[in-house]
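Report on the following structure.
The values are calculated or read from the model by the stated rules, or taken from the named source; none is laboratory data. None of these values were measured; they are calculated from a predicted model. Quick reminder, even Gly has a Cβ in these numbers, built from the backbone with ideal geometry, and neighbours come from all protein chains shown.
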Amino acid sequence: MGSLSTLRLSAVNPGPAIGTEQPTIRTTTGALSFGQGIVGVDRGGACSLRAAAVGPRPSHRQSSSSFVVSAESMASVGMVLQDLPRKMASLPASTAAAIGGFSLLLLFAYILKGRVGQRQGQGRNSNLRPLPEVPGVPVLGNLHQLKEKKPHKTFTNWAETYGPVYSIKTGASTIVVLNSAEVAKEAMVTRYSSISSRKLSKALDILTSSKCMVAMSDYDEFHKMVKKYILNNVLGPSAQKRLRGNRDNLVENISKQLNDFVNGHPCEPVNFRRFFQNELFALSLKQALGDEVKAVYVEELGTTLSKDEIFKVLVLDMMHGAIEVDWRDFFPYLQWVPNKAWEDKIKQYAFRRKAVTNALIREQKKRIATGKDLDSYTDFLLREAKTLTEDQITILVWEAIIEAADTTLITTEWALYELAKNPLKQELLYQEIQKVCGSQKLTEDHIAKIPYLSAVFHETLRKHSPVPVVPLRYAHEDTELGGYFVPAGSQIAINIYGCNMDKNQYENPLDWIPERFLDGKYDEADLFKTMAFGGGKRVCAGALQASLISCAAIGRLVQDFEWRLMEGEQDNEDTISLTTHKLHPMLAKLKPRRSREEIMRPTEEVLIR
Ligand code: HEM
């Protein structure tokens with residue numbers, strides 16, 4: 001999919017939730033509240049995050065085949081662009097010559113198109129202002145200015161000059177970039193009916209099997225159905241309650257492993273990511289499949305893969321695949337130029353992902369055939385999702401795995417980094433924890449009683465927004481944003497990082513100050529204080545799980561250990577990848593605050609609530 005011709009306009013038909021169980025969370029009345037946008041707000045302020053129904057749009061995916069990718073792993077077009085100049089340089093000579101021969105023609109077409117476009121835009125809606133444009137060069141537009149690896153930062157810098165809403169050109173495409181919470185909210189909520197679809201890069205089209213997953217689909221019947229499935233079975237409040245044991249085990253295991261490591265290697269720094277990543281991946285497999293996975297035989301590859309190798313195929317390789325550049329994305333009129341090596345590479349990623357996910361599902365089918373049912377997404381999909389094809393089930397199971405395995409890690413690592421860097425704030429958090437927990441081990445039951453813990457979590461999401469740019473949306477009809485005219489065919493980049501760095505919204509936005517969320521402006525239970533989870537009908541389905549895991553882990557690991565950064569780690573804040581992975585894993589020195597026996601003893605039943 002992904003071609004314009006398949007987009008259909010559909011009138012918004014606001015309706016009740018569609019049996020989808022969405023987290024019910026109190027929302028703030030503060031400036032960042034999406035109120036009626038995300039959902040309906042009741043009089044008491046309780047806000048249930050329901051996806052309102054939109055007029056039916058036929059699903060084109062019922063028979064599509066098998067490729068996927070995660071929302072978090074495909075955030076920004078700018079990241080995709082980072083490699084473009086290198087890729088162009090490595091083109092075969094014949095291709096390069098063909099492109100060179102076309103450049104004059106393209107230049108002419110570009111100028112002509114720009115003029116006509118301007119006239120059309122003004123003619124169509126003369127009441128609205130034209131968008132400010134970041135000056136670029138003919139043909140490339142602003143592509144050459146997005147070479148560096150952090151487009152969200154470039155976008156934020158441009159906002160200083162051009163304001164919170166402006167347009168850029170990436171080759172032949174126009175992208176409207178939004179950098180303030182107010183205008184982002186307008187795009188996600190008020191104007192959603194005009195910009196509810198996505199136009200994917202070639203790589204993403206292959207890897208998502210033409211938008212065949214919750215996070216990458218257009219807002220249609222398929223999306224509503226599969227979002228309901230994932231919420232009811234994995235991510236909604238009831239499912240999270242049922243799956244609580246997995247999260248408790250994760251926190252318990254990490255604390256014990258860190259303690260063993262510190263006792264066994266007292267002089268070595270701790271690479272927290274190594275422990276957390278492993279446990280988080282185990283949890284994501286358990287939630288998706290029901291069983292623990294140590295290894296799996298993959299018939300199509302003729303080999304048995306270990307858990308680490310499965311992680312590589314299902315998570316790491318797919319992240320790389322998602323940012324592979326096909327320069328033809330920016331110059332659709334050059335689609336005819338072959339790029340076979342590139343296509344083969346992406347298809348290979350997709351093939352391996354499908355083979356491994358199918359092997360994992362096959363194991364569960366064997367289990368189910370013995371009469372052993374488990375509370376898992378796979379069990380549900382195989383049993384109940386009769387309208388889905390086998391390939392679609394493969395993709396949806398894979399989606400649940402990759403989405404759980406990445407962004408929660410990023411948030412937790414950055415939070416512990418900030419706490420290790422700020423000993424006074426860490427001490428404050430520790431004191432708050434002890435006041436509430438005493439000699440009990442901190443669990444999820446304590447989180448609501450420790451506002452400073454929640455403030456640490458939200459301030460980390462704000463400063464280190466794990467998905468810095470929302471996967472691009474697409475305006476399928478003329479619309480407006482921030483009082484500017486936005487022509488049909490524009491792509492919309494919501495720069496979450498830019499919104500969270502807005503000086504009008506946050507004082508000293510570059511500083512990490514959890515206290516800013518304790519000043520009474522924000523409802524403590526509001527999961528959406530910052531823009532980090534997006535908003536509106538496409539709000540992150542995993543926000544509840546991410547906050548439970550991250551808060552419980554941060555709290556417990558500060559309760560059990562004193563964290564200090566290793567020498568030289570103070571300003572090690574560089575990021576990599578589409579999500580804001582810390583480029584260098586945090587290296588910390590840990591000092592246990594309790595005896596080994598205390599850390600190893602099982603967690604007590606907690607009777608708070
Ligand atoms: C701190 C952690 C996380 C952050 C910051 C985050 C952020 C986001 C953002 C910004 C979006 C895009 C919203 C849009 O397109 O407007 C999104 C979508 C989504 N996320 Fe997350 N996410 C996190 C964790 C998770 C987890 C743990 C899961 C699942 C296990 C998950 C599942 C999803 C799904 C299914 C969607 C698509 C929702 C839709 O299109 O309707 N996320 N997330």
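In region 190-229, of all residues being of a type in the set (Phe, Trp, Tyr) and in the same structural domain as residue 339 (by TED's automatic domain parsing), the one that is modelled with the highest pLDDT corresponds to 229.
Checking 516, 564, 538 one by one, the residue that is within 11 Å of the ligand (Cβ to nearest atom) and among the basic types (Lys, Arg) is 538 and no other.
Of the residues making up region 368-397, those that are assigned to a helix (DSSP H, G or I) and either more than 12 Å from the ligand (Cβ to nearest atom) or among the hydrophobic types (A, V, I, L, M, F, W, C) (or both) number 17.
Of all the numbered requirements in (1) more than 16 Å from the ligand (Cβ to nearest atom); (2) among the β-branched types (Val, Ile, Thr); (3) modelled with pLDDT under 95, residue 407 misses one, and that requirement is (1). Residues of region 209-231 that are in a helix (DSSP H, G or I), more than 22 Å from residue 193 (Cβ to Cβ) and more than 10 Å from the ligand (Cβ to nearest atom): 229 alone. With respect to (1) buried (at least 22 other Cβ atoms within 10 Å of the Cβ); (2) among the aliphatic types (A, V, I, L, M); (3) touching an Asp or Glu at 6+ places or on another chain (Cβ under 7 Å), the lone exception for residue 549 is condition (3).
Cβ-Cβ contacts under 9 Å between residues 6 or more apart (or on different chains), taken from a first residue in region 214-235 that is free of Cβ contacts under 8 Å to residues at least 24 places away in the same chain to a second residue that is within 8 Å of the ligand (Cβ to nearest atom) and of a type in the set (Gly, Ala, Ser), are listed as 223/51; 223/217. Look at residue 470 and say whether it is more than 15 Å from the ligand (Cβ to nearest atom), in contact with a strand residue (DSSP E or B) (Cβ under 9 Å, 6 or more places away or on another chain), closer than 20 Å to residue 192 by Cα and of a type in the set (A, V, I, L, M, F, W, C). So residue 470 does not fit the description; no. Look at (1) in contact with a Lys or Arg (Cβ under 6 Å, 6 or more places away or on another chain); (2) part of a helix (DSSP H, G or I); (3) at pLDDT below 75 and you find that residue 603 fails only one, number (2). Of all residues in region 432-472, those satisfying the criterion of being among the basic types (Lys, Arg) and in contact (Cβ under 8 Å) with a residue 60 or more places away in the chain are 441, 449, 462. Kindly provide the set of residues from region 316-350 that are aliphatic (A, V, I, L, M), within 23 Å of residue 406 (Cα to Cα) and surrounded by fewer than 17 Cβ atoms within 10 Å (Cβ to Cβ), ordered by number. Passing the criteria: only 316. Answer yes or no: is there a residue in region 325-341 that is modelled with pLDDT of 95 or more, of a type outside the set (Asp, Glu) and away from the ligand (no atom under 16 Å from the Cβ). No.
Every condition in (1) out of contact with any Phe, Trp or Tyr (no Cβ under 9 Å at 6 or more places or on another chain); (2) assigned to a helix (DSSP H, G or I) is met by residue 266 except one, and the failing one is (2). Report whether or not residue 433 is over 25 Å from the mean Cα position of the chain (by Cα), assigned to a helix (DSSP H, G or I), within 26 Å of residue 594 (Cα to Cα) and not acidic (Asp, Glu). It is true that residue 433 is over 25 Å from the mean Cα position of the chain (by Cα), assigned to a helix (DSSP H, G or I), within 26 Å of residue 594 (Cα to Cα) and not acidic (Asp, Glu). Residue 286 meets all of the listed conditions (1) within 23 Å of the chain's Cα centre (by Cα); (2) buried (at least 23 other Cβ atoms within 10 Å of the Cβ); (3) part of a helix (DSSP H, G or I) but one, namely (2). Taking the listed residues 516, 564, the one that is of a type outside the set (Phe, Trp, Tyr), in contact with a helix residue (DSSP H, G or I) (Cβ under 7 Å, 6 or more places away or on another chain) and more than 18 Å from residue 588 (Cα to Cα) is 516, with no other qualifying. When 350, 341, 400 are checked against the criterion of being touching a helix residue (DSSP H, G or I) at 6+ places or on another chain (Cβ under 7 Å), part of a helix (DSSP H, G or I) and more than 26 Å from residue 236 (Cβ to Cβ), 350 stands alone in meeting it.
Let's see how each residue does on (1) within 30 Å of residue 572 (Cα to Cα); (2) aliphatic (A, V, I, L, M):
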{"site": "258", "(1), (2)": "yes, yes"}
{"site": "267", "(1), (2)": "yes, no"}
{"site": "284", "(1), (2)": "yes, no"}
{"site": "301", "(1), (2)": "no, yes"}
{"site": "317", "(1), (2)": "yes, no"}
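Just so you know, in region 471-487 the residues that are among the charged types (D, E, K, R) and assigned to a strand (DSSP E or B) include one that is surrounded by the most Cβ atoms within 10 Å (Cβ to Cβ), and it is 473. For region 232-241, the set of residues classified as within 15 Å of the ligand (Cβ to nearest atom) and not polar (S, T, N, Q) consists of 234, 235, 236, 237, 239, listed by residue number.
Matching residues to (1) hydrophobic (A, V, I, L, M, F, W, C); (2) at pLDDT 95 or above; (3) over 23 Å from residue 279 (Cβ atoms):
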{"position": "352", "(1), (2), (3)": "no, yes, yes"}
{"position": "365", "(1), (2), (3)": "no, yes, yes"}
{"position": "374", "(1), (2), (3)": "yes, no, no"}
{"position": "378", "(1), (2), (3)": "no, yes, no"}
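Of all the criteria given as (1) part of a helix (DSSP H, G or I); (2) under 27 Å from residue 356 (Cα atoms), the one not satisfied by residue 296 is (1). Scanning region 140-162 for residues that are free of Cβ contacts under 8 Å to residues at least 60 places away in the same chain and surrounded by fewer than 20 Cβ atoms within 10 Å (Cβ to Cβ) yields 144, 145, 157, 160, 161, 162.
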